[in-house]
Amino acid sequence: MNRSIFSRLLTTNLAIFLGFISVLTIVLTLLYSNQMYQQEKKNLQNIATKTETLYLDSSKGKIEALKLQDYIDAMAYVSKSKIFILNITQDSMKELQALEFTNDDLENYLYEDLTDILKGNEVFRNSQYSETFDTRMIFYGRPIVSKGVTKGCIILFTPVSLVNYNLRIMLLIIASISLLSSLLVSIVIYISAKRITRSIESVSNSALQIANGLSIEDLSTTSFSELNELIHSFNYMKTELTRIESDKKDFISMISHEIKTPLTVISGYLEAIHDGVLDPAEVSDSLEIIYKETQRLTLLTKDIVTKTRNQDMDFYLEPSIFKLKPLLEDMSVLAKINVNKDIHIQMICDDSITLYADENKFRQILTNLISNAIKYSNHTVHIQMGCQIIENKLCISLSDDGFGIKRNDLDKIFNTYYRVKNAPTIEGSGLGLSIVKKLVELHNGTIQVHSDYKKGTTVSLYFPM
Ligand code: ADP
């Protein structure tokens with residue numbers, strides 16, 4: 001049977017607590033009643049000692065017989081006991097009939113006890129039913145000894161009900177305390193059990209919400225360390241899931257952004273070939289470009305497959321040796337495809353600059369930068385591309401005379417999805433520069449942007465050589 005943690009915690013803890021209280025009550029009652037009887041025995045012993053002294057004084061004539069009776073009556077009244085002085089000896093047990101007791105009253109146990117007392121022993125009975133008093137009594141008896149001779153005995157009876165009354169009061173107090181503490185313990189257990197189960201429920205509800213694609217807040221911690229571990233792990237899992245999901249989205253956005261450029265080039269050249277506006281030599285060059293762009297698309301597709309399979313959203317390099325100038329020239333030709341703008345590109349680059357880097361990633365970097373320079377400019381665009389080696393560093397710069405970027409936007413343009421507000425009419429995703437930055441850093445390079453609003457922008461890339 002499946003029982004909830006809450007009811008199990010509540011019943012188990014309550015059962016343990018009540019069991020403990022019951023055992024404690026029994027032990028306390030036994031100890032207390034024993035203590036009460038011992039106390040009562042001491043009282044009776046004291047009374048018996050006093051009675052014996054008075055009796056012996058009276059037999060010596062120091063106290064009158066009537067006074068002796070008064071004293072004894074007074075003690076009996078105060079102690080709520082019955083006190084008897086029996087002038088008997090071992091030999092005169094039969095004379096008992098002559099005393100206050102009748103044969104019927106002289107109960108069986110009393111014969112035995114008197115015989116025992118007259119032998120010089122003390123007798124104490126905790127709880128003895130007495131027909132004479134028709135109730136349970138505590139019985140105490142001891143011999144009266146004078147100068148080594150047993151002159152008789154003193155016997156005392158006290159109703160058990162007196163001790164029982166005290167016991168009942170104590171039991172009542174224990175029961176009330178137990179009941180009150182059970183109530184308090186139940187409340188405490190209820191609150192703790194509720195707190196534990198509430199945390200577990202919130203983890204399970206949140207898991208369901210995540211499974212249903214809802215975004216949720218971090219779960220707050222509790223005062224239970226084990227639950228906190230669960231909550232920390234859950235929050236960590238949630239953050240990781242969110243990160244993986246966002247990485248996937250970024251990756252898909254990046255891929256679609258990067259696919260757009262080669263597709264634009266391919267469609268531009270195909271259109272020109274289809275319209276027959278190119279001479280045979282240009283057609284051959286165009287086919288070469290289309291081929292290169294399809295190769296880029298193939299590589300991109302390979303990237304997607306590898307990264308999705310490895311769940312690895314990071315970029316990686318496939319370096320080779322290549323010359324920079326032909327690449328820049330290629331880029332300047334490609335930049336003009338499918339763009340209805342008047343584009344002038346000037347390039348200053350040393351023929352000898354050779355790189356060991358990922359050529360395709362360099363293409364990606366330059367394509368993004370040139371496309372931005374064209375996008376964020378008026379109809380006529382002047383672009384200057386330069387590359388030179390300064391202090392063991394390769395510097396590639398790209399300047400345009402376009403719209404420029406306001407100072408307070410400059411440090412945000414590398415953020416993923418960030419787009420400058422005053423350029424909403426220009427198509428874009430806010431991904432280009434963030435991809436460029438990642439690719440530059442992957443080559444251990446740095447990127448800097450200088451811009452004069454409404455005058456133009458210069459992007460500089462620095463790579464260690
Ligand atoms: P996208 O071009 O897709 O919007 P980018 O990350 O490439 O995204 O660029 C971010 C923002 O930086 C752009 O929205 C644009 O406003 C600004 N920007 C980038 N390059 C230039 C440039 N050469 N001239 C002016 N603004 C630019």
Give region 400-446 a look and list any residue that's part of a loop (DSSP other than H, G, I, E, B) and among the acidic types (D, E), or say none.
-> D401, D411, E427
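I'd like the full set of residues that are among the aromatic types (F, W, Y) and either near the ligand (Cβ under 9 Å from one of its atoms) or over 17 Å from S397 (Cα atoms) (or both), limited to region 440-464. Let's see the steps before the verdict.
We begin by selecting, within region 440-464, every residue among the aromatic types (F, W, Y); these are 453, 462-463.
Once the filter is applied, which keeps residues that are among the aromatic types (F, W, Y) and either near the ligand (Cβ under 9 Å from one of its atoms) or over 17 Å from S397 (Cα atoms) (or both), region 440-464 yields only Y453.
Report whether or not Y291 is surrounded by 16 or more Cβ atoms within 10 Å (Cβ to Cβ), away from the ligand (no atom under 16 Å from the Cβ), modelled with pLDDT of 85 or more and part of a helix (DSSP H, G or I). Explain how you work it out, then say what you get.
On the way: surrounded by 16 or more Cβ atoms within 10 Å (Cβ to Cβ): no; away from the ligand (no atom under 16 Å from the Cβ): yes; modelled with pLDDT of 85 or more: yes; part of a helix (DSSP H, G or I): yes.
The answer is no for Y291.
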Quick count over region 410-439, residues being more than 16 Å from K260 (Cα to Cα) and either more than 7 Å from the ligand (Cβ to nearest atom) or of a type in the set (F, W, Y) (or both), is 15
Cross-chain or 6+ apart pairs with Cβ under 6 Å, region 390-405 first and near the ligand (Cβ under 8 Å from one of its atoms), then among the hydroxyl-bearing types (S, T, Y) and assigned to a loop (DSSP other than H, G, I, E, B) | D400/S377; G402/Y376; G402/S377; F403/Y376; G404/Y453
Condition broken by F157, with the remaining ones in (1) out of contact with any helix residue (DSSP H, G or I) (no Cβ under 8 Å at 6 or more places or on another chain); (2) surrounded by 14 or more Cβ atoms within 10 Å (Cβ to Cβ); (3) modelled with pLDDT under 85 satisfied = (3)
Got a number for residues in region 114-154 being farther than 28 Å from L31 by Cβ, among the β-branched types (V, I, T) and surrounded by fewer than 19 Cβ atoms within 10 Å (Cβ to Cβ)?
-> 5
Scanning region 13-25 for residues that are among the β-branched types (V, I, T) and under 13 Å from S182 (Cα atoms), the one surrounded by the most Cβ atoms within 10 Å (Cβ to Cβ) turns out to be I21
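Return yes or no: is D350 charged (D, E, K, R) and under 29 Å from S267 (Cα atoms)? Explain how you work it out, then say what you get.
On the way: charged (D, E, K, R): yes; under 29 Å from S267 (Cα atoms): no.
No: the conditions fail for D350.
Residue by residue, here is whether (1) under 23 Å from H382 (Cα atoms); (2) at pLDDT 90 or above holds:
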| position | (1), (2) |
| --- | --- |
| F414 | no, yes |
| P424 | yes, no |
| G432 | yes, no |
| V436 | yes, yes |
| Y453 | yes, yes |
| G456 | yes, yes |
| L461 | yes, yes |
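The values are calculated or read from the model by the stated rules, or taken from the named source; none is laboratory data. All figures in this text were calculated on a predicted structure; none of them were measured in a lab. Here Cβ is always computed from backbone atoms with ideal geometry, including for glycine, and neighbour counts include all displayed protein chains.
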